[in-house]
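All remarks here apply to the structure that follows.
Just so you know, all these numbers are worked out from the coordinates, no wet-lab data involved. Computed from a prediction, not measured in an experiment: that's the story for all the values here.
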Amino acid sequence: MTRSGCGYDKEEKTKTVDWYKANKAEREEKLAECSNNPGELRKTPNCVNAAIAARQNFSRPSTYLLGKGNTKLQ
């Protein structure tokens, strides 16, 4: 895997929201990675897709993409 200067692995295959919904362990791992470095990873495709999958699976906002007390994606 090659990492760019911003910390995003451009060679990482983008996984769909449905994939993250069906793969809880991988979703949780990706969300942890994204939460650990939101300045660089917050808007990458897999971080966004994992967060949306979490929100759809649990019918509650993901704290990863939503600020405390907010109800809309930022």
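Observations on the structure shown:
- Stretching the chain fully between residue 16 and residue 35 yields a gain of 5.0 nm (0.36 nm per residue, less the alpha carbon separation).
- Cα gyration tensor, the range 6-56 - rounded (a/c under 1.5), prolate or oblate: prolate
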